[in-house]
1. What pairs come out if I take residues in the stretch 248-261 that are at pLDDT 90 or above and pair them with residues that are among the aliphatic types (A, V, I, L, M) and assigned to a loop (DSSP other than H, G, I, E, B) whose C-beta lies under 7 Å away, six or more apart or interchain?
2. For the subset of the stretch 151-163 comprising residues that are at pLDDT below 95 and open to solvent by less than 10 Å² (accessible area, probe 1.4 Å), which member is farthest from D276 (Cα to Cα)?
3. Would you pick out the residues in the stretch 270-279 that are part of a loop (DSSP other than H, G, I, E, B) and of a type outside the set (G, A, S)?
4. Among what's in the stretch 311-340 and is of a type in the set (G, A, S) and open to solvent by less than 30 Å² (accessible area, probe 1.4 Å), pick the residue that is farthest from the chain's Cα centre (by Cα).
5. Take the residues of the stretch 80-126 that are in contact with a Ser or Thr (Cβ under 9 Å, 6 or more places away or on another chain) and among the acidic types (D, E): which is modelled with the lowest pLDDT?
6. Among the residues of the stretch 150-175, how many are part of a strand (DSSP E or B) and within 23 Å of E125 (Cα to Cα)?
7. For L338, work out the one condition from (1) at negative phi; (2) at pLDDT 95 or above it doesn't fulfil.
8. Scan the stretch 280-310 for residues that are exposed (fewer than 15 other Cβ atoms within 10 Å of the Cβ) and not in a loop (DSSP other than H, G, I, E, B) and report the count.
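The values are calculated or read from the model by the stated rules, or taken from the named source; none is laboratory data. Keep in mind that what you see is a predicted model, and the values were worked out from it rather than measured. Note that we place each Cβ from the backbone using ideal geometry, even for glycine, and neighbour counts take in every protein chain shown. We work out accessible area using only protein heavy atoms, side chains counted, and drop any ligands, DNA or RNA first. Shrake-Rupley method; radii C 1.70, N 1.55, O 1.52, S 1.80 Å.
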Amino acid sequence: MKRSIGVKVLGCTMGASMVLGGFGMMAPSQAAAVSDGGASNVPGNPIKTWQRAAVDYDKIANVQGTFTFTQDELTPSDEVFNLFGTAATSLCAKPGYAFDQVTHEEYYVNVGGNVDQVYSISLEEIESMDAKMKEMRCTCGMSSSIAMASVTGVKVADMIEMVGVGPEVNTITFKDKDGYGLPMPLSYVLDKEAMLVYKIGDQPLSAGERVQVWIPDTVAKYFTRAVADIELSVSDEVPEVDGPDADYRAKVNILNTVSKSFKVGDLIAFEGYADDCGTQVVAVEFSLDGGETWTSFDTSASNTEDWVYWHFDYVTENPGIYKLDVRAVTEDGTVSPLASSVVFEVEE
């Protein structure tokens, strides 16, 4: 048996437009547009054809394979920086904004608002504080973009301790130099142990940003870039924190393309991720018959802080052209609105 694997695409910057062996992510309703195409429905013969975009795919019901998952796979640091750049600006808290170059010595963060004493702290002082390193996801609430990174910084709680905050303060806003930022409940930020991050992997942030806020289980529009001010305030109504858009719940993606054909009996190793921004992914499911049947693999042992990074090994059974669909299921019953797919060919 020969083991074959396609090209692994770890950069998650293209999101739903990423083309994988001919298809990117698609809605299950599209994937389920099935036509018999004249194929036989003889019992015991699991191979049928279905048609989409004038292409006939062979079908195998109840696909079988070997499934494993981990949660410690990280996105390369360069790709994380791309996510905060022009490749996927919709991911960022302020997309498309060109920050001015600021030297290390000139960068300060002001902590103020309803506090006992306003405090300005330099980047040098921040870096001399008790540093924390944490693996954390950064996920867009309005696209399929996501990254899992190791970040270094300081806890926001440690910054707040410097200024003194009364019990009536219930809101915190991280602002850039132009005053852009989204208000959040102070209790939420503290409970999530938000961090002011100055390093991703082993790379410091750019001279145009220097410090970003990262918050576990929170969509990236709250990850203010180039934080200049932390404002603490009292709100009549405590602001709510939005989660991912319904169309981007239970994110899933196949991260390796297939650029060549395989032989019957070859093992094809697929890999990718599934995530729902703090809601547990309890299963990852695969289909080789256009979504008529799904083979489910349990991931209920996963935690909610990290993405589910899965591996699926499939041994080819019959010649033909196939499309593998993958989707995720969460603990609250959400099924991926956008499945991910890859097309591959098997020869005799």
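1. Sorted first by the residue in the stretch 248-261, then by its partner, the pairs are Y248/M142; L255/V9; L255/L10.
2. Per the stated criteria, the residue is V163.
3. The initial filter retains those residues of the stretch 270-279 that are part of a loop (DSSP other than H, G, I, E, B), namely 276-279.
Scanning the stretch 270-279 gives D276, C277, T279.
4. If we filter the stretch 311-340 for residues that are of a type in the set (G, A, S), which is where we start, we get 320, 328, 333, 336, 339-340.
Filter once more, so that each one left must be open to solvent by less than 30 Å² (accessible area, probe 1.4 Å): 320, 328, 336, 339-340.
Values: G320: 33, A328: 13, S336: 13, A339: 14, S340: 14 Å.
Within the stretch 311-340, the match that is farthest from the chain's Cα centre (by Cα) is G320.
5. Selected residue: E105.
6. Step one: list which residues in the stretch 150-175 are part of a strand (DSSP E or B), which gives 150-155, 171-175.
Add one more test, that the residue is within 23 Å of E125 (Cα to Cα), and what stays is 150-155, 172-175.
So the count comes out to 10.
7. Exception for L338: condition (2).
8. 2
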